[in-house]
1. For region 57-63, in order, what is each residue's ³J(HN,Hα) by Karplus, 6.51 cos²θ - 1.76 cosθ + 1.60 with θ = phi - 60°, in whole Hz (x at glycine and Pro)?
2. Contact order normalised by length for the chain, with contacts defined as Cα pairs under 8 Å and 6 or more residues apart; what percent is it?
3. Using only the alpha carbons of the chain, what is the convex hull's orientation-averaged projected area in square nanometres?
4. Please list 68-81, 12-25, 31-44 highest first by mean number of surrounding beta-carbon atoms within 10 Å per residue.
5. Just to be sure I understand: with springs between alpha-carbon atoms less than 10 Å apart, which residue in Q58, Q83, Q93 has the highest mean-square fluctuation in the Gaussian network model of the chain?
6. Only helical DSSP H runs with n ≥ 4 go in: add -39500 (n - 2.57) per run for the chain, normalise by residue count and round the 222 nm mean residue ellipticity to 500 deg cm²/dmol.
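Rule-based calculations on the coordinates, nothing more; no lab input. Owing to the predicted nature of the structure, the values given are computational and were not obtained by experimental measurement. Methodologically, a virtual Cβ is constructed for each residue, glycine included, from the backbone with ideal geometry; neighbour enumeration extends over all protein chains shown.
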Amino acid sequence: MTSSEKLLWCYGLAFPVYSLGPGPRLGLWVTGCKRGCRGCQSYNLQDKKAGYPLTITQVCNRILSYNNNLQGISLSGGEPFEQINAVSILLKQISGFKILFTGRFKRASRATYL
Ligand code: SF4
């Protein structure tokens, strides 16, 4: 399997999004999270199989289908770090300002800037 065939479990993509960083940007929600935070507002995204698998190439093609006004991407979930290999491959192929929302680090900011 090449890196572009790597699967990323996704719940949804949206463009344009203005509320998750400097926009217009792409919002990408991935599925899968084992953290079990109390009061989770993304409970429906904790099960990886609540989403659907896309190859990195498929995700990139979807992104390219949006107009070239895209200024970056914001990833949320679910927990993007649980698919960090696929997420890393994807982020290397996208230009612009990248923001990753995570619940992984107790003392870190909720947003991790890449
Ligand atoms: S990390 Fe996010 S998705 Fe996962 S349980 Fe915590 S709040 Fe919910």
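1. Listing the rounded values in order: 4, 5, 5, 4, 5, 5, 5 Hz.
2. Once divided by the residue count of the chain, the mean separation gives 28 percent.
3. For the chain, averaging the hull's shadow over all directions gives 6.8 nm².
4. 68-81, 12-25, 31-44
5. Q93
6. That calculation yields -4500 deg cm²/dmol at 222 nm.
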